[in-house]
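These notes are about the structure you will find just below.
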Amino acid sequence: MTIAETKISGRQFMYSIICFIQASAILNAFISNITYQESWLVVIFAFIIFIPSVFMYGALINRFKDKNLIQIVIQIFGPILGRIISVIYLIFFLSITMFNITDLTDITKTSMLPTTPYIILVMMCILITAWAVRSGLRVLTIYSKMYVFLASFIIILSIIFLFNVIEIGNLFPIFSLPLKKYVQGIHILNAIPFGELVVFLLIAPNVQMNKKQTYKYFFLGASIGAFSFFLTVLRDISVLGETFGMFVFPSLVAFRLIRITEAITRIEILFIVILIILLIFKISILYYVTVITVSQIFNLKKYKNIVLSVGFFLMTAAIVLSANSIQHTLAAQNGAPFIWVTLQIIFPFILLLISLIFNIKSPKEESK
Amino acid sequence: MIVIGVIYLLIMIMDFYPIIKHKKVKHLIINLMFIIPGLIFLFLAAKGIIVKSWITIIWEFLKSLGISY
C-alpha cells in the first residue's frame with residue numbers, strides 16, 4: 001500500500017529527476033576547489049561510474065513495483081530491524097533537506113535580500129514547500145517539465161551571452177592532479193547530486209510506468225540532468241579559469257560577468273530566480289520524501305497531518321545545525337560522501353542482492 | 001517576522017484541530033516528536049548557539065579512524 005494515492009506519469013517522473021539534478025548544479029563548488037579546472041572531466045567520470053546505480057535503482061523499483069524504499073527495507077529486514085534502518089534513512093533525508101534549505105536561504109540572502117533575517121527566509125521556504133507537499137505528488141511534479149525547459153534555456157542563453165569571455169584554454173591541462181583528487185571528486189559527485197536520486201525510490205510506486213519505461217525514464221532523467229550539470233561546470237570553468245575554485249557559488253560569479261550592451265548588465269537575477277525555483281522544487285521533493293518516510297515508519301494512513309510539524313523541525317534544525325553554505329561545502333567534501341554513499345548506493349545494492357538471493361518480491365510480482 | 005510566525009502557528013493549529021477532534025493519539029505523539037526538538041532548537045537559535053551537526057561529529061570520528069581525504 002502506498003500512502004500517497006495520486007499517480008504521476010513516467011515523463012513527469014523523468015522531468016522531476018532532471019530538475020532535481022539541475023538544482024544541484026549550483027553546488028559545483030563541492031568539487032571546484034578539489035579538482036579545479038578539471039572538474040568537467042570529473043563530472044563525466046562520476047556519471048559513468050554512477051550508471052550501474054541507475055540500473056540498480058530501476059531493478060529495485062521493478063522487483064517491488066508497489067513498494068517504496070522504506071516498505072522494501074521493512075519487508076526484507078522485518079518490522080524491528082527494518083524500522084531501525086528506516087530511522088537512519090529518515091535522519092539522512094532530514095539532513096539533506098536541511099542542507100538544501102540552508103543553500104537556498106544563503107543564496108537568496110547573499111544575492112537578493114541581504115538585510116532580511118535568516119529565519120524569515122527559512123520560514124517562507126518551509127511554508128511554500130509545506131503547501132506543495134500537502135497538495136500531493138501530482139501537484140508537486142506538475143510543473144517539472146516547465147522548470148526543466150526554463151533552466152535549460154537559461155543555461156544555453158548564458159553560454160551565448162558569455163561567449164566573448166569564454167576561454168577554451170581554461171579547460172586544460174587535464175590529468176595534472178594527483179589520483180586521490182579525482183577519486184575524491186568522483187566520490188563527492190556520486191554522493192551529491194547523483195546519489196541523492198535514491199529519494200526517487202520513495203516516489204516510484206506512485207509512477208505509472210512498465211518495467212522497460214522504469215529503466216528508460218530513470219536513465220534518461222539522470223543522463224539529461226548530468227548533461228546540464230556538465231554544461232554548467234564547463235561554462236563556469238571556461239569563464240572563470242583558475243579562479244573557479246575560489247567561489248562558493250561559481251555560477252553566480254559567471255553570470256555576473258554577462259554584459260550584453262553597456263545598458264544591459266547584471267542579469268544574474270535571471271539565474272537566481274531559476275535557481276530558487278529549482279531549489280524550491282528539490283526541497284519540496286526531499287520534504288515530501290521525509291514526510292512519507294515518517295508516515296511509513298509509524299504506519300500512518302495519511303501524511304498531511306504531520307507535514308507542518310516536520311517542517312517546523314526542519315526550519316529550526318536548518319538554523320541551528322547547518323550554519324551556512326561554507327560549512328555545508330566542508331561537510332560535503334569531507335564527511336558526507338562516506339556516509340551518504342553507504343545509504344545511497346551500497347545499502348540499496350545489499351537490498352537488491354538479498355531480494356535476488358532469497359527471491360523476495362512484492363506480493364503483486366509474485367502472483368504474476 | 002512576528003506576522004509570518006503567527007501565520008505558521010495558525011496553520012499548525014488548523015492542522016492540529018482534526019487530530020484532537022478525532023482523538024488521533026498516534027498522530028499527536030508523532031507531531032510532538034518533531035515539535036519538541038524544534039522548540040529546543042528554536043531556543044538555541046534565540047540564544048545564538050550553533051550546534052555541531054551529526055555529519056560533522058561523524059566526520060571527525062571517521063577522521064580519527066583515518067577514513068578521510
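The values are calculated or read from the model by the stated rules, or taken from the named source; none is laboratory data. This structure is a prediction, so every number in the text was calculated from the model and none was measured. When we count neighbours, we look across all protein chains shown, and the Cβ atoms used for this are built from the backbone with ideal geometry, even at glycine. To get the accessible areas, we keep the full protein, side chains included, count just its heavy atoms, and leave off ligands, DNA and RNA. Shrake-Rupley method; radii C 1.70, N 1.55, O 1.52, S 1.80 Å.
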Charged-residue dipole, Cβ positions (Lys, Arg, Asp, Glu), the protein assembly as shown about Cα centre, Debye nearest 20: 1540 debye
Structure-based [θ]222 nm, chain A - -39500 (n - 2.57) summed over DSSP H runs of at least 4, per residue, nearest 500: -22500 deg cm²/dmol
Residue-wise HN-Hα coupling along the range A:103-113, computed from phi with Karplus coefficients 6.51, -1.76, 1.60 (Hz; x: Gly, Pro): 4, 4, 5, 5, 5, 5, 5, 6, 9, 10, 10
Cβ-based net charge around A:Asn100, under 13 Å, with every Lys or Arg adding one and every Asp or Glu removing one: -2
Charge-dipole axis of chain A as Lys and Arg at +1 and Asp and Glu at -1 on Cβ define it, positive-most pick from A:Tyr89, A:Phe298, A:Ile224: A:Phe298
Relative contact order (percent, whole number), chain A, Cα cutoff 8 Å, 6+ residue spacing: 41 percent
Net dipole in debye of the range A:237-306 [+1 Lys, Arg Cβ; -1 Asp, Glu Cβ; about Cα centre; nearest 20]: 480 debye
Among the listed pairs A:Lys7/A:Lys361; A:Lys211/A:Lys302; A:Lys304/B:Lys24, those beyond 20 Å (Cα-Cα): A:Lys7/A:Lys361; A:Lys211/A:Lys302
Rounded FRET efficiency, nearest 0.05, which uses the C-beta distance separating A:Ile346 from B:Ser68 and R0 of 22 Å: 0.75
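Would you calculate the convex hull of the Cα atoms in the protein assembly as shown and tell me its volume per residue in Å³?
Working: hull volume 64.6 nm³, N = 437.
That works out to 148 Å³ per residue.
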Stokes-Einstein diffusion coefficient of chain B, Kirkwood radius over Cα pairs, 20 °C, 1.002 mPa s, in µm²/s: 140 µm²/s
Estimated inter-spin distance, A:Leu113 and B:Lys21, nm [label 7 Å along Cα→Cβ]: 3.2 nm
Within 10 Å of each Cβ in B:24-34, the average number of Cβ atoms from other chains: 5
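In terms of solvent-accessible area of protein heavy atoms at a 1.4 angstrom probe, what is the ranking of A:Ile174, A:Ile306, highest value first? Mind showing how you got there, number by number?
Values: A:Ile174 65, A:Ile306 0 Å².
Correct descending sequence by accessible area is A:Ile174, A:Ile306.
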³J(HN,Hα), Karplus 6.51/-1.76/1.60, whole Hz, each residue of the range A:8-22, x for Gly, Pro: 10, 7, x, 5, 4, 4, 5, 5, 5, 5, 4, 4, 4, 6, 4
Paramagnetic label zone (point 7 Å from Cα along Cα-to-C-beta, A:Phe175; backbone N under 19 Å) in the range A:33-62: A:35-49
Total charge dipole magnitude, the range B:2-64, about the Cα centre, Cβ charges on Lys, Arg, Asp, Glu only, Debye to nearest 20: 200 debye
